[in-house]
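Worksheet: one structure, shown below.
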RNA sequence: CGGGGCAUGGCGCAGUCUGGUAGCGCAUCUGCUUUGGGAGCAGAGGGUCGGCGGUUCGAAUCCGUCUGCCCCGACCA
């Protein structure tokens with residue numbers, strides 16, 4: 001591709017609307033342009049990346065035996081009423097009315113449609129197991145779209161739905177998708193974690209999320225490299241539990257928990273449930289710090305908390321130094337015992353006894369965060385989610401098959417999503433430097449960029465550049481040939497901004513020695529290589 | 001939806017408080033020079049200052065109203 005004919009415009013300055021680095025770089029490198037809040041156009045260079053993601057996903061889904069289909073983006077209200085979600089889904093659902101006053105929605109997900117297909121198409125257990133998937137544009141009317149394509153309203157998702165005769169089958173289908181997802185994110189060159197998640201409103205028994213690790217991630221996840229433990233840090237708010245507090249049966253006892261800073265880790269190491277612990281949060285109050293004590297499996301509700309007299313509004317957490325001063329311990333080991341500041345207990349704590357709390361002590365042997373064998377907290381971007389749905393939808397819509405005994409059985413369903421558009425942003429969050437994007441090979445819009453020096457004046461450079469362009473293309477590489485009449489600095493800067501992994505500089509100086517200058521986007525220095533050596537390096541590098 | 005902010009040429013901004021013929025940088029176009037890290041000189045084009053209404057001799061500027069966008073929160077692939 002000739003740069004002069006590619007219509008690519010890059011931005012030198014950072015657009016004011018972009019908060020996080022991936023959003024900034026996607027705008028600057030010309031991958032996307034915003035149309036309206038949460039709506040983006042994928043420009044040619046961005047679309048190339050998007051297609052790469054799709055291709056990998058498609059290949060691995062096909063390999064796992066899933067079958068691609070394409071469902072309508074617009075769905076009739078009746079199906080959603082049948083599943084009960086027309087009323088339950090809320091404002092996230094974009095509702096549309098047609099000229100006959102019939103209600104539709106722009107699909108935010110496709111459980112209803114696929115279940116409808118299944119009940120029409122599937123009659124016998126012999127047709128199972130079956131896994132249908134599609135790569136589709138979804139719409140969720142997000143309350144607050146932000147971070148560019150990371151949380152947009154319109155987005156592209158790969159969603160798959162498995163159908164099995166029984167739970168064993170479902171577990172097998174689920175395991176296959178688990179493996180396929182791992183393969184996909186590995187192939188895309190992304191650092192990711194699989195975390196146990198709450199299955200949320202969709203329901204079902206088992207659910208795991210695939211998170212690409214990035215500081216800007218919206219979810220906090222706790223993980224341990226040693227035992228593959230990982231979990232999303234999630235929340236639930238409750239009413240005051242009924243009944244009286246059971247009498248304590250154990251006496252106060254001090255337990256040492258080196259390196260254990262989170263409730264999850266605590267429960268794991270002690271073999272208890274989070275509901276049997278209390279956590280103590282130090283927040284800023286109107287007159288100095290205040291301690292808030294919650295049940296360990298609960299999350300602080302900031303809106304409620306800041307309405308409490310004495311608690312500063314808006315709610316802010318005390319900084320680590322204050323926590324140390326108030327509790328005499330590192331953050332993570334705070335407890336309500338013996339504190340000299342006001343201590344407020346959430347009503348849910350009133351109903352439990354024999355609980356575990358922080359003792360405001362620090363263990364000398366605390367390993368550093370991220371050290372091997374200890375729990376770490378990272379931020380992650382959720383790019384995939386797999387669920388064992390069970391019979392929620394098949395039951396509601398009556399999706400049944402006959403088993404080998406000729407009896408009707410409601411099918412067991414699983415559903416499996418991957419945020420295609422979000423992956424592009426996540427990949428950039430993980431792969432960039434001060435100059436711009438650094439594409440992993442599987443995602444890059446072009447494998448190699450040719451930067452000729454003095455193209456307009458040097459016949460030697462022009463001839464050589466054209467030949468190299470041709471040769472690399474014939475070898476199956478995607479080549480961006482920067483044939484613009486621009487100064488070298490401009491071309492270098494753009495090549496780095498848009499993140500092409502391999503760069504070849506063609507200059508008179510080099511050609512005189514039969515050499516090209518090669519530099520990988522991650523390299524500090526460039527290398528002068530004999531022309532054939534350079535081309536062979538690219539062609540043989542397996543980047544096609 | 002609650003709280004905060006912004007809206008001036010394609011992008012980034014000044015001008016608004018204190019009303020008086022709209023400006024800067026980048027980008028774009030033309031010519032000449034230049035060509036290994038975002039060139040120089042000369043010239044050019046491009047803005048009903050988000051919309052509507054009001055105050056005023058006069059409004060980007062003051063008042064009202066609507067719309068859009070961004071940030072914080074609940075929600076979420």
Sorted by Cβ neighbour density within 10 Å, fewest at the top, the residues A:178, A:502: A:178, A:502
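Normalising by the residue count of the stretch A:22-83, find the relative contact order in percent from Cα pairs under 8 Å and 6+ residues apart. Show your work: numbers first, answer last.
Working: 26 pairs, mean separation 10.5, N = 62.
The normalised contact order for the stretch A:22-83 reaches 17 percent.
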Label-to-label distance, nm, for residues given as residue A:475 and residue A:196 (7 Å Cα→Cβ offset): 5.0
Label-point separation, residue A:434 to residue A:68 (7 Å along Cα→Cβ), nm: 4.2
FRET efficiency estimate (nearest 0.05) - Cβ-Cβ, residue A:143 to residue A:102, R0 25 angstrom: 0.40
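With an 8 Å Cα cut-off and a minimum separation of 6 or more residues, compute the relative contact order for the stretch A:115-210 in percent. If you can, show how the numbers build up before the last one.
Numbers: 85 pairs, mean separation 19.6, N = 96.
Across the stretch A:115-210, relative contact order equals 20 percent.
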The stretch A:436-479-the stretch A:150-179 distance, computed between alpha-carbon centres (Å): 40
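Would you list A:439, A:42 from fewest to most Cβ contacts within 10 Å? If you can, show how the numbers build up before the last one.
Details: A:439 24, A:42 19.
Ordered from fewest to most neighbouring Cβ atoms within 10 Å, A:439, A:42 come out as A:42, A:439.
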Fewest-first ranking of A:535, A:39, using other Cβ atoms within 10 Å as the exposure measure: A:39, A:535
Label zone at residue A:402, where the point sits 7 Å out along the Cα-to-Cβ direction: the stretch A:123-160 residues whose backbone N lies under 13 Å: A:123-127
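Restricting to the stretch A:446-540, compute how many DSSP beta bridges are antiparallel as a %, nearest 5.
50
All of the numbers you see were taken from the coordinates with simple rules; none came from a lab. These numbers were taken from a predicted model, which means no experiment stands behind them. Note: ideal-geometry Cβ built from the backbone for every residue, glycine included; neighbour counts use all protein chains shown.
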